[in-house]
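Asker: One structure, pasted below without further comment.
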Amino acid sequence: MTRLPIDSIETLRLRWNPSDPSSRYTALVRIKSGDLVGYGEASPILGGEHSLGIVDRDIAPELLGKDAHDTSVLYDQLLHKCVKLGPEGAVTGALAAVDIALWDIKGKALGLPVYKLLGGAWRTQIPFYSSIGGNHGRTVDETVRAVEKRLMAEKPAAIKIRWDGDRTTQDADLAGDIAKAKAVRKLVGDDFPLGFDANNLYSVGGAMRVGRVLEDLGYLWFEEPVQHYDIHGMGEVAQRLDITVSAGEQSYTTQAVLDLIRAGVRMVQPDIIKMGGITGLMKCAALCQAHGVELVPHQTQPIVGHMANLHVLATIMHFTKPAEYADPSGRMDIAFTAPPKPKNGCFRLDDRPGLGLEVNTAELDRRLI
Ligand code: CA
């Protein structure tokens, strides 16, 4: 029997623009097995070093010499080793990075794309929606212009407007938010698919008021209306409104996603680089199919995790909404040769092995911190 012994695990913390201290961070791992190299990504939230620290200190020593084929066993062994750190966040981000890299290695070893290893693709052309953040700080006109710019540049299958407001406030400007939602609907026309992401900034009452307007405007979904930790409130809004209410980008385990479903949320959005990688997201896919719940994963930034997400989405039977495409900035183009490009509202997966990413290591290493 051929084994894929894990020879080394490196953590890579990157700044995408080396000359700009305010540039966003990315947290990657690079795992080697013989001549094979796999890349994975952890959540970059607050710099990304939290998950990478867990990989360095607690996960890497356990992984050396283990068989890269054993993704499910390793996932549960490592999760339960670290469970008392609290599995909600940095731990599952660390598991995500390792898991994605191991799937990349497995695919390369077999000469198959990851979606084949997961059981096959229902589609290799994945429609995407442009996720447009920062609208809290914009006027109505500025919001419309921001949407127009992405609409023209990316030709997405749908658009989501996000608020990204101050998380310590609530219902700060309901009338202003409604005015922006109306102006964006007017810009794109009656039939264009739209989503609205409150980023957790409403009370239940505020969410009901905005949600009723979104229903009238024909928005397709209303994302995270209330605080993510208020599972009961999220479920109440979901149950009382007709519009699809979504949540789950801040859920880090299969069990936490199940809590949202039990509360009444009918569309969940776990993020592959936050909640256990390909293994974690595939568990969620089964959970959602069994409960008749839409799985529309959150996507943090268009790099390694983005590719892993597309491979999982290719395998989901009920693909009800486009994939998220967040904040493009050319980051993928710099260090990853020939990444899939958004074209005519879609990303297209090909049959390159593993995740299908080729890495320019010199460019990648130049961004190391
Ligand atoms: Ca969101």
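The values are calculated or read from the model by the stated rules, or taken from the named source; none is laboratory data. These numbers were taken from a predicted model, which means no experiment stands behind them. Every residue, glycine as well, gets a Cβ built from its backbone with ideal geometry; the counts of neighbours run over all protein chains shown. Calculation scope for accessible area: heavy atoms of the full protein, side chains included, ligands and nucleic acids excluded. Shrake-Rupley method; radii C 1.70, N 1.55, O 1.52, S 1.80 Å.
Asker: Tell me, yes or no, whether region 258-276 has at least one residue that is open to solvent by 20 Å² or more (accessible area, probe 1.4 Å), in contact (Cβ under 8 Å) with a residue 40 or more places away in the chain, within 14 Å of the ligand (Cβ to nearest atom) and within 21 Å of residue 101 (Cα to Cα). Outline the logic, then answer.
Answerer: To start, the set of residues in region 258-276 that are open to solvent by 20 Å² or more (accessible area, probe 1.4 Å) comprises 258-259, 262-263, 266.
With in contact (Cβ under 8 Å) with a residue 40 or more places away in the chain added as a condition, the list becomes none.
Scanning region 258-276 turns up no residue that is open to solvent by 20 Å² or more (accessible area, probe 1.4 Å), in contact (Cβ under 8 Å) with a residue 40 or more places away in the chain, within 14 Å of the ligand (Cβ to nearest atom) and within 21 Å of residue 101 (Cα to Cα).
Asker: Please tell me if residue 298 is open to solvent by 10 Å² or more (accessible area, probe 1.4 Å), free of Cβ contacts under 8 Å to residues at least 60 places away in the same chain and within 16 Å of the ligand (Cβ to nearest atom). Quick ask: steps written out before the conclusion?
Answerer: On the way: open to solvent by 10 Å² or more (accessible area, probe 1.4 Å): yes; free of Cβ contacts under 8 Å to residues at least 60 places away in the same chain: yes; within 16 Å of the ligand (Cβ to nearest atom): yes.
Taking the combined requirement at face value, the residue satisfies it.
Asker: Next question. Please specify each residue of region 53-70 satisfying the condition of being within 22 Å of the chain's Cα centre (by Cα) and open to solvent by 10 Å² or more (accessible area, probe 1.4 Å). Working first, answer last.
Answerer: Let us first name the residues in region 53-70 that are within 22 Å of the chain's Cα centre (by Cα), namely 53-55.
If the condition is that a residue be within 22 Å of the chain's Cα centre (by Cα) and open to solvent by 10 Å² or more (accessible area, probe 1.4 Å), then 53, 54 are the ones that fit.
Asker: Which members of region 97-149 meet the condition of being within 16 Å of the ligand (Cβ to nearest atom) and farther than 18 Å from residue 325 by Cβ?
Answerer: Correct list: 136 only.
Asker: Still on this structure, please answer the following. Would you mind listing the strands (runs of 3 or more DSSP E) fully within region 1-91 where at least 1 residues are at pLDDT 95 or above and either basic (Lys, Arg) or under 26 Å from residue 255 (Cα atoms) (or both)?
Answerer: Counting at least 1 such residues, we get 25-33, 36-42.
Asker: Checking residue 168 against (1) part of a loop (DSSP other than H, G, I, E, B); (2) in contact (Cβ under 8 Å) with a residue 12 or more places away in the chain: exactly one of these is not met. Which one?
Answerer: Checking residue 168 against (1) part of a loop (DSSP other than H, G, I, E, B); (2) in contact (Cβ under 8 Å) with a residue 12 or more places away in the chain, the one that fails is (2).
Asker: Within region 155-175, restricting attention to residues that are of a type in the set (D, E, K, R) and away from the ligand (no atom under 13 Å from the Cβ), which residue is farthest from residue 140 (Cα to Cα)?
Answerer: Among those residues, the one meeting the criterion is 155.
Asker: Also: Quick check on residue 185: is it open to solvent by less than 20 Å² (accessible area, probe 1.4 Å) and not in a loop (DSSP other than H, G, I, E, B)? Explain how you work it out, then say what you get.
Answerer: Values: open to solvent by less than 20 Å² (accessible area, probe 1.4 Å): yes; not in a loop (DSSP other than H, G, I, E, B): yes.
Criteria met by residue 185.
Asker: Against the definition (of a type outside the set (A, V, I, L, M, F, W, C) and within 30 Å of residue 195 (Cβ to Cβ)), how does residue 115 come out, yes or no? Before the answer, list the steps.
Answerer: Numbers: of a type outside the set (A, V, I, L, M, F, W, C): yes; within 30 Å of residue 195 (Cβ to Cβ): yes.
Taking the combined requirement at face value, the residue satisfies it.
Asker: So, one more: Look through region 231-243, keep the residues that are surrounded by 20 or more Cβ atoms within 10 Å (Cβ to Cβ) and not in a loop (DSSP other than H, G, I, E, B), and return whichever of them is farthest from the ligand (Cβ to nearest atom).
Answerer: At the first step, the residues of region 231-243 found to be surrounded by 20 or more Cβ atoms within 10 Å (Cβ to Cβ) are 234-235, 237-238, 243.
Those still in the list that are not in a loop (DSSP other than H, G, I, E, B) too: 234-235, 237-238.
Details: 234: 13, 235: 17, 237: 15, 238: 15 Å.
Among them, the one singled out is 235.
Asker: Within region 29-57, how many residues turn out to be more than 16 Å from residue 103 (Cα to Cα) and out of contact with any Lys or Arg (no Cβ under 7 Å at 6 or more places or on another chain)? Before the answer, list the steps.
Answerer: To start, the set of residues in region 29-57 that are more than 16 Å from residue 103 (Cα to Cα) comprises 43-57.
If we keep only those that are out of contact with any Lys or Arg (no Cβ under 7 Å at 6 or more places or on another chain) too, we end up with 45-47, 50-51, 53-57.
Total satisfying the criteria: 10.
Asker: For region 343-357, give me each residue that is under 11 Å from residue 108 (Cβ atoms) and either open to solvent by 90 Å² or more (accessible area, probe 1.4 Å) or part of a loop (DSSP other than H, G, I, E, B) (or both). Walk me through how you get there before you give the answer.
Answerer: Taking region 343-357 and keeping what is under 11 Å from residue 108 (Cβ atoms), we get 352-357.
The answer is 352, 353, 355, 356, 357.
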